[in-house]
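For reference, the structure is listed below as structure tokens.
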Amino acid sequence: MKTNTAAWATGLLVACLTLPMAAVLGAWSLFDVSDARPGGLAYYLGVPAGIRDVTGTFGECRPARFRWKGRDGLSAPFVVMHYGSQLPPDEALERHAAALTPLACQKDGESAATDSSPHTRPLRCAHPDVLAADIHVETAGPCREVSLAFTLND
């Protein structure tokens with residue numbers, strides 16, 4: 001009887017020590033994520049639904065990858081999507097800007113005045129989850145890098 005009780009108590013102690021550590025590691029793995037693919041578990045747990053709804057791809061020639069980081073000290077949380085597009089830069093920029101309509105994003109005049117790239121569009125958003133968005137489209141090559149970066153609200 002003592003052997004069963006000792007084994008059971010030892011198992012309970014091991015479980016009580018390992019489960020919290022596993023929970024902390026699991027939470028950290030969703031706090032700072034790189035190279036997440038749409039449709040994966042980390043994608044659904046880490047990317048806010050409002051952003052998942054507006055991050056479609058246009059003329060995709062390289063699959064989308066997501067990166068995000070939660071609040072870290074004074075830095076704001078963010079989500080970035082990168083993918084390759086065959087569309088001309090101007091068309092890709094306009095299509096993504098139109099897709100961000102549900103986030104109530106408008107051109108940020110202050111940032112736009114200091115930005116010299118014609119294929120970058122800084123936006124301010126009036127959405128509970130998203131403070132700002134930046135769209136950038138590379139101009140070189142047949143498969144151009146498209147980047148959508150979102151600064152999140154707390």
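The values are calculated or read from the model by the stated rules, or taken from the named source; none is laboratory data. Source: prediction; values computed, not measured. Here the Cβ positions follow ideal geometry from the backbone for every residue, glycine too, while neighbour counts run over all protein chains shown. Keep in mind that these areas ignore ligands, DNA and RNA; they rest on the heavy atoms of the full protein, side chains included. Shrake-Rupley method; radii C 1.70, N 1.55, O 1.52, S 1.80 Å.
Of the listed residues VAL137, VAL14, the order by accessible area with a 1.4 Å probe, largest first, is VAL14, VAL137. Rolling a 1.4 Å probe over the protein chains gives SER85 an accessible area of about 0 Å².
Taking Lys and Arg as +1 and Asp and Glu as -1, the other residues whose beta-carbon sits under 14 Å from that of GLN86 total -2.
Full extension of the chain between ASN153 and VAL80 gives 24.8 nm of extra length, using 0.36 nm per residue less the Cα-Cα distance.
Solvent-accessible surface (1.4 Å probe) assigned to THR5 amounts to roughly 80 Å².
Of ASP154, ASP108, ASP35, the order by accessible heavy-atom surface (1.4 Å probe, DNA, RNA and ligands excluded), from most exposed downward, is ASP154, ASP35, ASP108. Working from label points 7 Å from Cα in the Cα-to-Cβ sense, the ALA9 to ALA97 distance is 7.1 nm.
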